[in-house]
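Structure first, commentary second.
The values are calculated or read from the model by the stated rules, or taken from the named source; none is laboratory data. If you're wondering where the values come from, they're calculated on a predicted model, not measured in any experiment. So basically every Cβ, Gly included, is an ideal-geometry build from the backbone, and we count neighbours across all protein chains shown.
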Amino acid sequence: MKKKDLVYRCGNCGHEEPKWLGRCPECGEWNTLAETALNQGRSPSFSGKGSMPQSFPLASIDPQESGRIGSGIPEFDRVLGGGIMKRSAVLVGGEPGIGKSTLLLQAASLADTRGRVLYISGEESAGQIRMRSDRLGLFGTSSKSPEQIEIFCSGKLEDINIVLESVKPVIIIVDSAQTLYSAEAGTGRGTVNQMKFCSYELISWVKEHDSALFLVAHVTKDGLISGPKSLEHMVDTVLYFEQNDTECRFLRAAKNRFGSVDEIGIFTMTEKGLSTVEDTSLLFLVRREGDLPPGVATAAVLEGSRSFLVEIQALTVPAKGGLTRVYSDRIDSARVSRVAAALEKHLSLRLSDQDIYVNVAGGIRIADVGAELALAFALYSARTGLPLPSGTAIAGELSLTGEIRPVRRPAGRIRSARGMGFNSFLGPRADDSGRQQKEEGGPDIPSARILRAGNIKEAVKLLFGKNL
């Protein structure tokens, strides 16, 4: 091989140099440059070998709206935006043992496909995967036959390409991206360059075929997907698996080119694998007899297209040493501080000398701004010692001026509260009184007692009356 056909590529970051160096000038690592054949003559994607590159009018391209595959798991389809999109790549991250492989193996056995599913494992043996599938009972009457799911246990990209051309799978599952390697990407498995190179090759393959790719990824101690950030830019969808203190799992989309990123899938881990949760009240509401204790408020929140009720708990104690802190991991601590400042300003409720603790029952992380009014009442109740009236659900966004702003889909929140047995609902004033009356007078919520307030002072008077 001629000298000009060789380059020295860093096995850590992929940087190339025309001659050998002891230290990579890009990442600073020592002795990582290795002699590699220069990649020449690669045909462009989607063009086929020997064909000339050409463009297409946008109007002539089929949008492939019918190109989705049902995974057989409703919560999984909800987060994906309605099902598995063909010619797409999905990156699934989560802590070890949270259920990433279990979820994808269940989807492989239940997916509504007319072709084969290829499960590529670089971490488990074929026997281990079969034992897990038997334990989960994946091949029942409603599942695929075992012959429709192909298992290939290797991370070598060149061997994977041969299997792909032979099997022509409809769904490809790679567990995990960190185990992929190729001789063309330099030395060292699990390096940044190996992950980028191998993932790009697999993504290019599914873009040229009616297939979908799922890449399982490890996460760092901070909960972020390990490896290059560019890997998240290369795929179409990025999913994160989270777990609370119980057996409940939450699947969220951090990126989705084919759907909303606001949807959330809720699962519980059982002996038969991951099971979807239909009744969220069993997870996020605490059933009590009698009055509520101080510091507890029920929020009607919206996650994507789903509305449900959660219990927000607050506790305030005098700060020690003059330094106050906010302890909140289920609701952003900056949001808690902002709501506390609004209460102190507009209700003269002193919170600046208090340590504030905030928790959400069930361990779900809340991002909906509609939970701010319920959070404000939980803090108010904890600081004053006055419990909120039982059977009251709350939704609204609290501004810095003390105003209560409208939230999305108020009728859906009211309907959820009514379905859970709540007899009153506190929310913001609607801008359009006619629309508000139509929403409140719908057939699904005939007897709900709906309270409307324009600012936090009015809201406190409505709930506490003379106790204010």
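Hey, among the residues in the stretch 332-368 that are at pLDDT 95 or above, in contact with a strand residue (DSSP E or B) (Cβ under 7 Å, 6 or more places away or on another chain) and within 15 Å of E397 (Cα to Cα), which one's surrounded by the fewest Cβ atoms within 10 Å (Cβ to Cβ)?
Here the residue is S337.
From L215, L239, L251, grab the single residue that is part of a strand (DSSP E or B), in contact (Cβ under 8 Å) with a residue 40 or more places away in the chain, over 17 Å from S88 (Cα atoms) and of a type in the set (A, V, I, L, M).
Criteria check complete, one pass: L251.
Take the residues of the stretch 255-269 that are among the charged types (D, E, K, R) and surrounded by fewer than 19 Cβ atoms within 10 Å (Cβ to Cβ): which is farthest from S230 (Cα to Cα)?
Looking at the filtered set, the residue picked out is D262.
Just to check your reading of the model, which residue among G93, G82 is buried (at least 23 other Cβ atoms within 10 Å of the Cβ) and either within 14 Å of S176 (Cβ to Cβ) or touching a residue at least 12 places away in the same chain (Cβ under 8 Å) (or both)?
Result: G93 is the single residue among G93, G82 that is buried (at least 23 other Cβ atoms within 10 Å of the Cβ) and either within 14 Å of S176 (Cβ to Cβ) or touching a residue at least 12 places away in the same chain (Cβ under 8 Å) (or both).
Across the stretch 261-308, what is the total count of residues that are farther than 26 Å from T237 by Cα, among the hydroxyl-bearing types (S, T, Y) and in contact (Cβ under 8 Å) with a residue 40 or more places away in the chain?
2
Does T179 meet the test of being under 30 Å from W30 (Cα atoms) and among the β-branched types (V, I, T)?
For T179, the condition - under 30 Å from W30 (Cα atoms) and among the β-branched types (V, I, T) - is met.
Given R287, R338, which one is within 25 Å of F267 (Cα to Cα) and either among the basic types (K, R) or over 31 Å from the mean Cα position of the chain (by Cα) (or both)?
Matching residue, one of R287, R338: R287.
Give the residue that is nearest to I171 (Cα to Cα), with candidates limited to residues of the stretch 79-94 that are within 15 Å of the chain's Cα centre (by Cα) and in a strand (DSSP E or B).
Residue satisfying both the conditions and the ranking: V90.
Looking only at the stretch 310-322, filter to residues that are farther than 30 Å from A254 by Cα and assigned to a strand (DSSP E or B); which one of those is nearest to the chain's Cα centre (by Cα)?
Among residues in the stretch 310-322 that are farther than 30 Å from A254 by Cα and assigned to a strand (DSSP E or B), the one nearest to the chain's Cα centre (by Cα) is L315.
For the stretch 297-330, which positions are polar (S, T, N, Q), closer than 30 Å to V261 by Cβ and buried (at least 17 other Cβ atoms within 10 Å of the Cβ)?
T298, S307, Q313, S328
Name the residue, out of T298, T324, that is closer than 21 Å to S390 by Cα and either touching a strand residue (DSSP E or B) at 6+ places or on another chain (Cβ under 9 Å) or not assigned by TED's automatic domain parsing to the domain that holds T401 (or both).
Step by step, each of T298, T324 is checked, and only T298 is closer than 21 Å to S390 by Cα and either touching a strand residue (DSSP E or B) at 6+ places or on another chain (Cβ under 9 Å) or not assigned by TED's automatic domain parsing to the domain that holds T401 (or both).
Considering only residues that are closer than 23 Å to F284 by Cβ, free of Cβ contacts under 8 Å to residues at least 40 places away in the same chain and part of a loop (DSSP other than H, G, I, E, B), which ones fall in the stretch 324-348?
S328, D329, R330, D332
Let me spell it out: the conditions are (1) within 21 Å of V79 (Cβ to Cβ); (2) surrounded by fewer than 20 Cβ atoms within 10 Å (Cβ to Cβ); (3) not assigned by TED's automatic domain parsing to the domain that holds F241, and A371 meets all of them except one. Which number is the exception?
Checking A371 against (1) within 21 Å of V79 (Cβ to Cβ); (2) surrounded by fewer than 20 Cβ atoms within 10 Å (Cβ to Cβ); (3) not assigned by TED's automatic domain parsing to the domain that holds F241, the one that fails is (2).
Residue under question is L251, and the condition is that it be surrounded by 18 or more Cβ atoms within 10 Å (Cβ to Cβ), closer than 24 Å to I73 by Cβ and touching a helix residue (DSSP H, G or I) at 6+ places or on another chain (Cβ under 6 Å); does it hold?
Yes, satisfied.
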